[in-house]
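Undergrad: Mind looking over this structure? Questions follow.
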Amino acid sequence: MSGTPDEPGTHADAVPRAGSPAGRPTARPHAPDEERDPPGTVPAPGVPAVRAAGCVLWRDARTDGPAGVDPVPGGTDEWPPPLFALVHRPKYDDWSHPKGKLLPGEEPRAAAVREVREETGMVCVPGPALSTQYYSAKGRPKEVRYWLAEALGGTFEPNDEIDALLWLEPAAARERLTHPQDRELLDEAVHALRDLDRPAA
């Protein structure tokens, strides 16, 4: 699994971009949302919804084995917080969870796993379903279903759609996410990990 240590609480896979500290893309603090319409926007009647799916993707921060199996080096009984994957979309200059539109006839859960692989390079195992997001995007209603998913491995390769991947601890991930709904999803994922008796902060 790729990822080099960056600032505290982060592991980064990113390509340099002019004007970004340490070569890492940073979202505008109060950037206008170029994908989502302003809150309260009502799509025109009869407009079909765009269906999409994604994952709040996490992995164990340790490098010595699967979560909950090997002891933490040093003899402590505590595990470090999990790391969550955030992707940077240069088209919108935002940080979000990996997601994408369903293909014709595709089931949402399968689409979520496929989008994770395409956007992050990670093979993942989906777990419990998380809240579904509903919003207006370019005048059309959009429905995005999400799952909590554990990354098993893979290699991230930057592309035109996703130019950077960050692995961050919960607090840092919450700070970096651009959209309020995505921060709510992250909070939900952290609680879900606790319910599964996995290490979470």
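The values are calculated or read from the model by the stated rules, or taken from the named source; none is laboratory data. What you see is a predicted model; the values in this text were computed from it and never measured. The protein model used for the area step is the full one, side chains on, heavy atoms only, and it has no ligands, DNA or RNA in it. Shrake-Rupley method; radii C 1.70, N 1.55, O 1.52, S 1.80 Å.
Undergrad: Please list 3J(HN,Hα) in residue order for the stretch 100-106, calculated via the Karplus relation 6.51 cos²θ - 1.76 cosθ + 1.60 where θ = phi - 60°; whole Hz, with x for glycine and proline.
TA: 3J(HN,Hα) across the stretch 100-106, in whole Hz: x, 6, 6, 7, x, x, 7.
Undergrad: Would you check the accessible area of His191, probe 1.4 Å, heavy atoms only, in square angstrom rounded to 10?
TA: Approximately 100 Å² for this residue.
Undergrad: Next question, about the same structure. When the accessible area of the stretch 124-177 is computed with all protein chains present and a 1.4 Å probe, what percentage of it is carbon and sulfur?
TA: 46 percent
Undergrad: Residue by residue through the stretch 113-124, what is 3J(HN,Hα) from phi via Karplus (6.51 cos²θ - 1.76 cosθ + 1.60, θ = phi - 60°)? Round to whole Hz and write x for glycine and proline.
TA: Whole-Hz 3J(HN,Hα) from phi for the stretch 113-124: 5, 4, 5, 4, 5, 5, 8, 10, x, 9, 7, 9.
Undergrad: Under 5 Å between amide H atoms, partner at least 5 residues away or on a different chain: which partners does Val56 have, H built in plane at 1.01 Å?
TA: Here the answer is Trp147, Leu148, Ala149, since their amide H atoms fall under 5 Å of that of Val56.
Undergrad: If you don't mind, another one. Accessible area per residue of the stretch 109-173 at 1.4 Å probe, in Å²?
TA: 42 Å²
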